[in-house]
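Read-outs throughout are calculated quantities, based only on the coordinates presented, and are distinct from any laboratory measurement. As the structure is a prediction and not an experimental result, all values here were calculated from the model. All Cβ positions, even for glycine, are placed from backbone atoms using ideal geometry, and neighbour counts span all protein chains on display.
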Amino acid sequence: MNARKSLTIVEDIYLEGGAPVAPPARTAVALVVIENPWAGMGFVEDLGPVIDDVAPEIGALLAENVMSALGRPVEAYGKAAIVGLDGEIEHASGLIHTLRFGDAFRSVTGAKTLLPAVEKRAPAGSSFDIPLKHVIDQTVRSHHQSVEVRVADAPRADEIVIGLAAAAQGRPLARLRPMSAERG
Amino acid sequence: MLRKVLTITENLFTELGVPVNRPVRKVAVVAVVANPWAGKGYVEDLQVSARPLAVLVANTIGDALLAEFGTPSRIEAFGKGVIVGEDGELEHGSALVHTPFFADVLRACVEGTAVMPSAEHRGPAGSRLVVPMGHKGAFATRSHYTGSEISVADAPRPDEIVVVGAAASGPRPNARVGDRTTDPPVDVATLRSARRTA
């Protein structure tokens, strides 16, 4: 992994619709901006060897950074991969859609579910929304949420932005009926 | 009053593929607050009424910056900025950050002494703001002029103000444009005439 920079973003929400949120709702995002490991190689058929080499390192780094930034138990999580204009969506997907990426995060959170994801090809400074769902049960409606992220100068055309998001709770002041209430 | 706070931390390792000589951490703390003068029409006195919120926001930002850097000694550059929602005046944002009730509190948090560069802007939610930074002790330190771009998807609402405090742990990555002590003597009159003949 050739990393250019790493970022963390922590958001604490104190008020929603004018009503207090106690404790404040916290969401954290950890990002790393890396060189696209397949940049300049033309069409590469087998992405596996590089994925096996790089994805665990990225997954472990981001898991550590996002847990540290959140500072609380993780209740919801999600991931992102934004590839620069010269790359393939498959490059972005390759680095995050493998157990080698996600297992580091799952093992420290006790999570059982798949990480919801956003994949996108875009110029530097594009915004993207990372979807989050409950770490144990993806049907927990209060925990469906997303967080918007952008990095002013990334990804360059030959870079990939990889991210993990974590929330310490569901949506602030969530009050929808659970799915079980509708199924009677 | 305080709707939410974001802390955005960036660590830079390489620049154009070259490792940076001092890895630099930049932090922007973004506080979203209700505009205390929203819905009141034109308010003449923005000074006394600004003080409680200015102090609250300065302490909030200062504490968050220190949490990211550990100690004030790790902070070398700082700056500030405001984005006023569409129903407010630029003067409202300025009332919050351009007084000792904000700036001196924030300077004390990071142990700075210099003037803090600033940007003031009005715009809708999601507006981008580049927060300028300069050296916290000697503003003319050329290597430390830098900036940090921020935006918040849902802020400011028309009746809100986004207040930002930013800090950096060191100079620009691989800074190398010299300073006042290394500049050659400059004859401005000659440079001006060169512009006309170029």
Inset, instruction - Report yes if some residue within region B:143-156 is surrounded by fewer than 19 Cβ atoms within 10 Å (Cβ to Cβ) and not in a loop (DSSP other than H, G, I, E, B); otherwise report no. - result: yes
Inset, instruction - Considering each residue of region B:7-36, count those that are surrounded by fewer than 21 Cβ atoms within 10 Å (Cβ to Cβ) and either more than 9 Å from chain A (Cβ to nearest Cβ) or touching a Phe, Trp or Tyr at 6+ places or on another chain (Cβ under 9 Å) (or both), and give that number. - result: 9
Legend entry - Of all residues in region A:81-95 being more than 13 Å from residue A:34 (Cα to Cα) and of a type outside the set (Ser, Thr, Tyr), the one that is farthest from the chain's Cα centre (by Cα): A:86
Inset, instruction - Give just the number: which of (1) within 16 Å of residue B:30 (Cα to Cα); (2) of a type in the set (Gly, Ala, Ser); (3) touching a strand residue (DSSP E or B) at 6+ places or on another chain (Cβ under 6 Å) does residue B:151 not satisfy? - result: (3)
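Working only within region B:76-110, note down all residues that are among the charged types (D, E, K, R), surrounded by fewer than 18 Cβ atoms within 10 Å (Cβ to Cβ) and either touching an Asp or Glu at 6+ places or on another chain (Cβ under 8 Å) or assigned to a helix (DSSP H, G or I) (or both). Let's see the steps before the verdict.
Applying the first criterion (among the charged types (D, E, K, R)) to region B:76-110 yields B:76, B:80, B:86-87, B:89, B:91, B:104, B:107.
Subsequent filtering for residues that are surrounded by fewer than 18 Cβ atoms within 10 Å (Cβ to Cβ) retains B:86-87, B:89, B:91, B:104.
Residues satisfying the conditions are B:87, B:91, B:104.
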Inset, instruction - Return yes or no: is residue A:124 among the hydrophobic types (A, V, I, L, M, F, W, C), assigned to a loop (DSSP other than H, G, I, E, B) and within 14 Å of chain B (Cβ to nearest Cβ)? - result: yes
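Search region A:170-184 for residues being within 14 Å of chain B (Cβ to nearest Cβ) and either closer than 13 Å to residue A:120 by Cα or in contact with an Asp or Glu (Cβ under 8 Å, 6 or more places away or on another chain) (or both), and hand back the single one that is surrounded by the fewest Cβ atoms within 10 Å (Cβ to Cβ).
Within region A:170-184, the first condition is being within 14 Å of chain B (Cβ to nearest Cβ), and the residues that meet it are A:171-173.
From what is left, the residues that are either closer than 13 Å to residue A:120 by Cα or in contact with an Asp or Glu (Cβ under 8 Å, 6 or more places away or on another chain) (or both) are A:172-173.
Numbers: A:172: 20, A:173: 14.
Looking at the filtered set, the residue picked out is A:173.
Does residue B:4 satisfy the condition of being within 14 Å of chain A (Cβ to nearest Cβ), over 19 Å from residue B:132 (Cβ atoms) and more than 16 Å from the chain's Cα centre (by Cα)? Working first, answer last.
Values: within 14 Å of chain A (Cβ to nearest Cβ): yes; over 19 Å from residue B:132 (Cβ atoms): yes; more than 16 Å from the chain's Cα centre (by Cα): yes.
The answer is yes for residue B:4.
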